[in-house]
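The structure appears below as structure tokens.
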Amino acid sequence: MSLIQRLIRKKQILLNDQKCKPSQSIKNKDIINIFYNFKSNENVENSNLINITDKEKDKFIKLIIHENDKFIVINKPSSIAVQGGTKVKISLKDIYEVVLNIKLYIVHRIDKDTSGLIILTKDRFSASDISKLFIDKKIYKHYLAVTDRKFLKNNDLLIHTNNEKQIMKLRYRFINTSDVGYIYLVSLLTGRKHQIRLQFSLSKNPIVNDIKFNKKESNGLLGLRAYSIKFWYDKKFYNFKLPLKETLKSFDF
């Protein structure tokens, strides 16, 4: 007997506040109530493969800026890939699965060298819901980018085409000058691989310390940070933002 059938038999699934049958059809505007705590029975795959000391664990816990029963938001350090791969031994997902001892799900990515805000969900249902918000462009993200020189315009729309003939669009706004360069607030209108880095490079104003798109010698961390993210989810508005002054100071490579 399947889990759903058992829940129906035990009256833990109700249709319009009434007992129902597995064969019963569902109509538009019907209300289904499920009284069950769905928990993942999947093991944390890398729990025995990653050795994290208590000191390191405390450091990673401090990078969690928000946690609830659906997802966590992390201030990701540079040089850690979000997801594992052939060239990635340990990913951000791997680390936090061990730190929190739970299975986590990826709903979006930022480049390995890009630091800043990233969301990981705690179950498949939340992963599906939040992934759809990204697809439907209902999650709003802003980045801070540092360059060596100033664009001619303080605000502008950049439009380019990548090697796959895909259109790339972003908006930038100049917000500050620091000892390390010119700082811009950036919002993406399309989601392409390395988009901000590539578009700034194509605009002859590459991001500081970008070893992929900037021919200048790198002196440290990439000057790109996922600065803020906001969205409505489960009837609640979330607005996460890194402290601006501290973030600007951190660009002092």
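The values are calculated or read from the model by the stated rules, or taken from the named source; none is laboratory data. This structure is a prediction, so every number in the text was calculated from the model and none was measured. When we count neighbours, we look across all protein chains shown, and the Cβ atoms used for this are built from the backbone with ideal geometry, even at glycine.
Before moving on, here are some points about what is shown:
- Residue match in the range 134-143 (condition: acidic (D, E), under 26 Å from Y172 (Cα atoms) and either touching a helix residue (DSSP H, G or I) at 6+ places or on another chain (Cβ under 8 Å) or free of Cβ contacts under 8 Å to residues at least 24 places away in the same chain (or both)): yes
- Residue within the range 191-207 that is in contact with a Gly (Cβ under 7 Å, 6 or more places away or on another chain), part of a loop (DSSP other than H, G, I, E, B), β-branched (V, I, T) and buried (at least 19 other Cβ atoms within 10 Å of the Cβ) present: no
- Residue check for N154: assigned by TED's automatic domain parsing to the domain that holds L202 and closer than 15 Å to G191 by Cα: no
- I102 being surrounded by fewer than 20 Cβ atoms within 10 Å (Cβ to Cβ), closer than 22 Å to Y227 by Cβ and of a type in the set (V, I, T): no
- Filtered residue count, the range 107-143, keeping only those that are closer than 26 Å to I207 by Cα and either in a strand (DSSP E or B) or of a type in the set (V, I, T) (or both): 13
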